[in-house]
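Comments concern the structure below.
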Amino acid sequence: MKINEILNEGGTGSLTTAVARAMPTTWEFPNLPNQDPYLQYRMGLALANARSDKPFHKQSAFGENMTIVAYTDADNETVKLAMKLIGKDLTAGAHSIATRKSEEATDVNKNSPAAKPKRNKYGI
């Protein structure tokens, strides 16, 4: 079967009547573009959560906004150069949300109690 036998490109772009009758219920989402992987991902999460009794959040903490992690000073400089190239329209409001150095959270115990056993004054 040729693609022009399935799609009616001269009309609305939907399936031809003969093909549509042969398919089970098929949904089209005009406001969920294939070029937006984040929206596709969120729809997948909604499908997974649809029959659950757990709450569903429409957006994650970062939403659809791009997040870049710069591990080194060179990475950080590259991000800044790219921001200049792409322009202020797309980078307006961009800001760092983390510290420059990667460290453990303050509530994390970094010292192992078994690392260096304490000895009494007799060496036992």
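Nothing in this text is a laboratory measurement; each read-out follows from the coordinates by a stated rule. In this text the structure is predicted, and so the values were computed from the model without any measurement. Cβ sites come from the backbone with ideal geometry, for glycine too, and all protein chains shown count toward neighbours.
Quote the relative contact order of the chain in percent (integer), defining contacts as alpha-carbon pairs under 8 Å separated by 6+ residues.
Working: 26 pairs, mean separation 9.9, N = 124.
Once divided by the residue count of the chain, the mean separation gives 8 percent.
Does anyone have the angle between helix 73-86 and the longest principal axis of the chain? Alpha-carbon axes, 0 to 90°, nearest 10?
Once rounded, one gets 30 degrees.
Along the charge dipole of the chain, Cβ charges K/R +1 and D/E -1, which of ASN109, ASN49, MET1 sits furthest on the positive end?
ASN109
Which one is right for this structure if volume of the Cα convex hull per residue in Å³ is calculated from it: (i) 111; (ii) 332; (iii) 318?
(ii)
Treating only the Cβ atoms of Lys and Arg (+1) and Asp and Glu (-1) as charged, compute the dipole magnitude of the chain about its Cα centre; round to the nearest 20 debye.
On the way: 16 positive and 13 negative charges, 197 e Å.
Around 940 debye, computed over the chain.
Tell me the GluC sites (Glu not before Pro) within the range 71-120 that lie in a loop according to DSSP and have at most 13 other beta-carbon atoms within 10 Å. Please report the intermediate quantities before stating the final value.
Working: sites: GLU77, GLU103, GLU104; in loops: GLU103, GLU104.
Filter output for the range 71-120: GLU103, GLU104.
So which trypsin sites (Lys or Arg not before Pro) in the range 57-123 end up in coil per DSSP with only 12 or fewer other C-beta atoms within 10 Å?
Filter output for the range 57-123: LYS58, ARG100, LYS101, LYS110, LYS118, ARG119, LYS121.
By how many degrees, 0 to 90 and rounded to 10, does the Cα axis of helix 37-49 deviate from the longest principal axis of the chain?
90 degrees
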